[in-house]
Each structure stands twice: as structure tokens, then as C-alpha cells.
Amino acid sequence: MAVITISRQYGTGGIHIGRGIAEKLGYRFMYLDELTAACRKHGLEINLEHIEGRPPKIVERLFGLNRDKVRNTIQEVMKEAARAGDVVICGWGGQVLLKDHPGALHLRIVGSDESRTRHIMNSAGLPYAQANEIVKKTSRDQSLFSHFFFNVDFSDPKLYHTALNIDQTSREEIVETAAFMLEEIRQETAADG
């Protein structure tokens with residue numbers, strides 16, 4: 001059963017790329033809404049959008065955010081989705097939580113600060129200085145987030161099969177590359193199994 005996890009730097013369009021991969025392959029797509037709904041079925045009422053990619057505030061750390069419960073519930077949700085197969089999962093440490101899942105493809109979408117700033121300017125209609133500050137802040141916050149929840153740095157290339165750079169590769173090429181790599185992994189898994 002195939003699963004692709006997408007980790008991305010903020011401002012790379014990684015969510016749209018993930019949706020494009022899911023559409024091309026005819027796979028389900030899981031991101032905040034789908035993960036939140038599945039967490040609720042497991043008894044975890046949480047606003048994932050509120051905390052994704054952000055360092056938990058002191059209040060959340062001390063009063064009510066049970067990091068282990070959040071991580072374990074999300075891992076179970078992702079494992080269920082991976083067992084069902086044919087799914088693209090964006091964000092929330094899928095590359096860590098599903099690192100040992102056979103046949104999983106883990107991708108990282110990256111880009112220069114400049115291209116990420118321009119993407120945010122175009123998608124959110126913000127001036128350059130404000131968009132650039134968002135890029136800097138989200139880079140710091142994502143690092144704190146990944147260390148707090150998963151004890152890793154999401155920028156570590158060893159967590160992924162490959163990193164794809166939006167400065168060097170178009171959205172369409174990234175989608176095609178992901179489909180090609182998934183087929184390669186399927187063939188390797190079939191040969192090993």
C-alpha cells in the first residue's frame with residue numbers, strides 16, 4: 001500500500017504540490033482538516049492548524065498540551081491511512097512517524113528565502129518586507145516545532161528520500177518526479193517481498 005509524506009518549508013507551495021501529486025495518482029490527500037477529523041475519532045480534540053509549524057507557547061506546554069498524546073494519536077491516524085494505502089500526507093511529521101512503513105516515499109519541498117518570499121507575496125498579497133519576515137519567522141518556528149514534537153530537525157535530509165527545490169524544479173516536474181520515485185519504490189518493495 002503506497003503512501004507519500006510531504007514535508008515543506010513554508011512558502012514553497014508544498015500543500016498545493018501535495019494535492020497535485022494526490023490528484024495525479026488518484027490518491028487521497030490528508031492535511032489539517034483530514035488529520036483533525038481523524039484525531040477527533042480517536043478522542044483527541046485539537047486545533048492542528050493553530051499549532052502546526054509553531055513552537056508551543058509556555059502556557060500550552062504547561063497547561064494542557066500533552067505532546068505525547070498528540071504525537072501518538074497523529075501517528076495512529078497516519079498508520080491507519082498508510083495501511084489503507086494510496087494516500088498523500090502533508091505535514092505533521094509523517095516522515096518521522098511513518099519512517100519504517102514499507103513502500104513509503106518521504107519528500108521534502110524546499111526553496112530559497114527569496115522564492116518563498118515571492119510566493120507568499122503573490123498568494124497573500126503582502127508587501128516584500130512582511131512576506132520576508134514571515135519566511136524568517138516560520139523557519140525558526142518550524143525548527144522549534146519539529147524538535148518539540150518529534151525530537152528531530154525537519155530540515156535534516158536524512159529523513160527523506162529526496163528534497164525537491166522549487167528554485168530548480170517546477171511544480172509539474174515535482175509531481176512527475178514523485179510519481180516516478182513512487183513507482184521505483186513499489187518495484188523495490190515487490191522485489192523484496
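The values are calculated or read from the model by the stated rules, or taken from the named source; none is laboratory data. As the structure is a computational prediction, the values presented were derived from the model and not from experiment. Don't worry about glycine lacking a Cβ; one is built from the backbone with ideal geometry, like all the others, and counts go over all protein chains shown. Surface areas here come from the heavy atoms of the whole protein model, side chains and all, with no ligands, DNA or RNA. Shrake-Rupley method; radii C 1.70, N 1.55, O 1.52, S 1.80 Å.
Observations, loosely collected:
- Approximate shape of region 18-168 as ellipsoid semi-axes (Cα gyration tensor, √5λ), whole Å, largest first: 25, 21, 15
- For the chain, with +1 on Lys and Arg beta carbons and -1 on Asp and Glu, the positive-most of Phe154, Gly53, Gly111 along the dipole: Gly53
- Among Met30, Met181, Met78: highest mean-square fluctuation, GNM of the chain, C-alpha pairs under 10 Å: Met181
- Here the dipole of region 106-184 is about 380 debye; that uses its Cα centre as origin and unit charges on the Cβ of Lys and Arg (positive) and Asp and Glu (negative).
- Distance (nanometres) between label positions extended 7 Å along Cα→Cβ at Arg140 and Asp192: 4.0 nm
- About the centre of its Cα atoms, the chain shows a dipole size close to 600 debye [charges on the beta carbon of Lys, Arg (+1) and Asp, Glu (-1) only; nearest 20 debye].
- Taking 0.36 nm per residue of separation and subtracting the Cα-Cα distance, full extension of the segment from Glu76 to Glu114 would add 10.0 nm.
- Accessible-area composition of the chain, carbon plus sulfur, in percent [1.4 Å probe]: 50 percent
- All lysines inside 24 Å of Lys69 as judged from Cα atoms, apart from same-chain residues fewer than 8 positions distant: Lys41, Lys57, Lys79, Lys99
- Near the amide H of Leu164, within less than 5 Å, lie the amide hydrogens of Arg108, Ile109, Val110, all on another chain or at least 5 residues away, with H placed in the peptide plane.
- Helices in the chain, meaning DSSP H runs of at least 4 residues, each add -39500 (n - 2.57). Divided by all residues, the mean residue ellipticity at 222 nm is -18000 deg cm²/dmol.
- Residues of region 1-35 with an amide N closer than 19 Å to a point placed 7 Å from the Cα of Phe180 along the Cα-to-Cβ direction: 4-5, 17-18, 20-26.
- Per residue, the accessible area of the chain comes to 52 Å², computed with a 1.4 Å probe over protein heavy atoms only.
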